[in-house]
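The values are calculated or read from the model by the stated rules, or taken from the named source; none is laboratory data. If you're wondering where the values come from, they're calculated on a predicted model, not measured in any experiment. Glycine gets a Cβ as well: all are built from the backbone with ideal geometry, and neighbour counts include every protein chain shown.
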Amino acid sequence: MRSQYVFEYTVPADMSHYKADAFVVWCFDDRFREGEMAFLAHLGIGHRDPESPAGGAKIFFEPEQEGDRDFMRRELEKSIRLHGTEEVWLFTHHDCGACGGFARFGQDRDWEISWHKQGHRNAREVVQKYFPQIKKVRTFFADDRGIIETTEM
């Protein structure tokens, strides 16, 4: 018996092998997805290996369980091996429930961004420790106005 499609592409999927421009980790919170996708397109990131755990980059600097960080490290290892990934882009965002929400910071944006920047620094250290072959680890914070790069602090 032949399988029936429930949806057919108007353009077939490109099945050729690709090199990932970046391994991208961002939160599954959909409020920021459109802006983040536009940002990646703006910077010319075409092929990406995306991961969307709750809290995004938090999985590297404050995982709920150590096994969570181990899982993400295994995913990055596969991205490097299968798609030649050389860059890692890590995102967190304003009012993230997995990070305690805006209330955790007493509604203080400066405190919130400071906390995320420190977490980003720690996340970069974790990635660089386990994957010294990665050429660049970039970190970003998204809010209702846009995206702030926190890589150089």
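So the values come out like this:
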item	result
Residues (part of a strand (DSSP E or B) and out of contact with any Leu (no Cβ under 7 Å at 6 or more places or on another chain)) located in the range 1-23	ALA22
Of all residues making up the range 54-112, the number that are farther than 28 Å from ASP144 by Cα, among the polar types (S, T, N, Q) and surrounded by 15 or more Cβ atoms within 10 Å (Cβ to Cβ)	2
Residue satisfying condition, being among the aliphatic types (A, V, I, L, M), within 13 Å of the chain's Cα centre (by Cα) and over 23 Å from TYR130 (Cβ atoms), within set MET37, MET1, MET72	MET37
Condition broken by PRO132, with the remaining ones in (1) more than 16 Å from ASP30 (Cα to Cα); (2) assigned to a helix (DSSP H, G or I) satisfied	(2)
Boolean, PRO53 is closer than 21 Å to ALA123 by Cβ, in contact (Cβ under 8 Å) with a residue 12 or more places away in the chain and part of a loop (DSSP other than H, G, I, E, B)	yes
Exclusive hit being assigned to a helix (DSSP H, G or I), at pLDDT 95 or above, within 27 Å of GLN133 (Cβ to Cβ) and not basic (Lys, Arg), set SER79, SER114	SER79
Residues of the range 13-37 satisfying the condition of being closer than 20 Å to ASP95 by Cβ and of a type in the set (Phe, Trp, Tyr)	TRP26, PHE28, PHE32
Criterion: of a type outside the set (Gly, Ala, Ser) and either within 14 Å of VAL25 (Cα to Cα) or touching a Ser or Thr at 6+ places or on another chain (Cβ under 8 Å) (or both) - qualifying residue of GLU64, GLU87, GLU112	GLU87
The range 88-102 residues that are within 18 Å of ILE45 (Cα to Cα), paired with ones that are assigned to a strand (DSSP E or B) and of a type in the set (Lys, Arg) (beta carbon under 7 Å, 6 or more apart)	TRP89/ARG138
